[in-house]
Amino acid sequence: QQQVKQSPQSLIVQKGGISIINCAYENTAFDYFPWYQQFPGKGPALLIAIRPDVSEKKEGRFTISFNKSAKQFSLHIMDSQPGDSATYFCAAGSLGRLYFGRGTQLTVWP
Amino acid sequence: NAGVTQTPKFQVLKTGQSMTLQCAQDMNHNSMYWYRQDPGMGLRLIYYSASEGTTDKGEVPNGYNVSRLNKREFSLRLESAAPSQTSVYFCASSGLRGQGTYEQYFGPGTRLTVT
């Protein structure tokens, strides 16, 4: 049973556009929702994270929107740049254990 | 401060061979994890260690064993490698931070091919 469902699988966005990646979870005990960014040949790197007591968190061009009642959260990348081209993973969990989505391959073309 | 280090970076095994993947962290974290990453499958937890002296199964533990050698080191062993274990293996560590969050930090990965 997949604990975290992520969509879309791939995304192509023009430079300067907004990239949006969505995730949904089932377990209401989850209390930590991070996003990771991974470049080819590298390990995932923590990008931004949110806890369920807030509905939105912004860090620079990256924003997480969180909807607790719908059990959904999303990553918005504003003013997308070619350097943002990577694979993005959402995750959810509690007490240190995380369940990951299957990833979204983002391509930002100039 | 190297963060999380993994050895080796690449490995090719024949079916039935055994090997141990090594992981070490220098962030004084209590928890450590082993994941595998396969195309289109995301990251799946194999085993984790919440603290020194404890280990627990994750989502895909079959065919693997782990050892938490000390607070810094967490190894993953394949006793009899199978082609289905061809994957990229990531080690991660985490510690309790503010507001009860556990930020996981990943190593660079080991790319394993079993022929």
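Values quoted throughout were computed directly from the atomic coordinates according to the rules given, and no laboratory measurement underlies them. All figures in this text were calculated on a predicted structure; none of them were measured in a lab. No Cβ is skipped: glycine too gets one built from the backbone with ideal geometry, and neighbour counts run over all protein chains shown.
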Exercise for the section: Would you pull out the residues with amide H under 5 Å of A:Leu47's amide H, same chain only if 5 or more places away, H placed 1.01 Å from N? Expected result: A:Trp35, A:Tyr36, A:Gln37
Practice task
Hey, can you grab everything whose amide H is under 5 Å from the amide H of A:Gly17? Only 5+ residues off in sequence or another chain; H modelled, so Pro and N-termini drop out.
Solution key: A:Ser80
Fill in the blank from the handout: Note, region A:88-100: 3J(HN,Hα) by Karplus (6.51, -1.76, 1.60, θ = phi - 60°), whole Hz, Gly/Pro = x, goes 10, 10, 8, 8, 8, x, 7, 6, x, 9, 10, 10, 9
Fill in the blank from the handout: Fewest to most Cβ atoms within 10 Å: A:Lys42, A:Lys57 sort as A:Lys42, A:Lys57
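Relative contact order of chain B, please, whole-number percent, based on alpha carbon pairs below 8 angstrom and at least 6 residues apart.
35 percent
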Handout entry: Magnitude of the charge dipole, region B:7-115, Cβ model with Lys/Arg +1 and Asp/Glu -1, debye to 20
Key = 180 debye
Exercise for the section: Have a look at A:Ser94, A:Ser74, A:Ser19 and tell me which one the Gaussian network model of chain A (Cα, springs below 10 Å) gives the largest fluctuation. Expected result: A:Ser94
Practice task
At a Cα cut-off below 30 Å, give the lysines reachable from A:Lys68, other chains included and same-chain residues fewer than 8 away excluded.
Solution key: A:Lys5, A:Lys57, A:Lys58, B:Lys57
Exercise for the section: Search the structure for amide H atoms under 5 Å from the amide H of B:Gly58, placed 1.01 Å from N in the peptide plane, and list their residues when 5 or more places away or on another chain. Expected result: B:Tyr47, B:Tyr48
Handout entry: Hull-based mean projected area of the protein assembly as shown, where the convex hull spans the alpha carbons, in square nanometres
Key = 12.3 nm²
Fill in the blank from the handout: Connecting every pair of Cα atoms under 10 Å apart in chain B and solving the GNM, the largest mean-square fluctuation among B:Ala92, B:Ala82, B:Ala24 falls on B:Ala82
Completion exercise
In debye to the nearest 20, the charge dipole size for region B:36-91, taken about the Cα centre with +1 at each Lys and Arg Cβ and -1 at each Asp and Glu Cβ, equals 100 debye
Practice task
Within 10 Å of each residue's Cβ, count the other Cβ atoms and sort B:Ser94, B:Ser49 from fewest upward.
Solution key: B:Ser49, B:Ser94
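Summing Lys, Arg as +1 and Asp, Glu as -1, what charge do residues with Cβ under 14 Å from the Cβ of A:Gly83 carry, A:Gly83 excluded?
With Lys, Arg at +1 and Asp, Glu at -1, the neighbours total +1.
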Problem - Cβ-placed point charges (K, R +1; D, E -1), dipole of the protein assembly as shown about Cα centre in debye, nearest 20 - result: 220 debye
Exercise for the section: Please arrange A:Arg97, B:Arg77 by counting, for each residue, the other beta carbons lying within 10 Å of its beta carbon, fewest first. Expected result: B:Arg77, A:Arg97
